[in-house]
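S.K.: After the structure tokens below, expect a handful of questions from me.
Throughout, read-outs are computed from the coordinates displayed, never taken from laboratory work. No experiment lies behind these values; they were computed from the predicted model shown. Ideal geometry is used to build each Cβ from the backbone, glycine not excepted, and the neighbour counts take in all protein chains shown.
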Amino acid sequence: MIETRGREVPLSYVVTLLVGMVLGFLLARFGGLVARYPVESALVAVLVASVAVLAWACREMLHDLVRRERPLAAPESEPLPGPRLSAHRPPNGVRR
């Protein structure tokens, strides 16, 4: 029997494809407004990008918060990785 293997597509490829399709649709639909109001369009684009970066940062902080909880079976000699978005502060309060 021949084994069929599906190709796995990384999630980033799918997200890039969907964002490209949405941007193409929006430019086709509202291209006249972008040409008529270029400054306002640039401001809206910056606003959308900043909201996306803020959402990413919130996701990373929540991921760090969930990852801090140690399972009961883990040995005590393993140090926990520090958060990636802020300076790690040890229990004594001194930054390194």
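S.K.: So if R0 is 25 Å, what FRET efficiency would PHE25 and ARG67 give, r being the distance between their Cβ atoms, rounded to the nearest 0.05?
M.R.: The value I calculate is 0.10.
S.K.: I'd like the FRET efficiency for ALA42 and THR16, computed as 1/(1 + (r/R0)^6) with the beta carbon distance as r and R0 of 30 Å, rounded to 0.05.
M.R.: Rounded to the nearest 0.05, the efficiency is 0.85.
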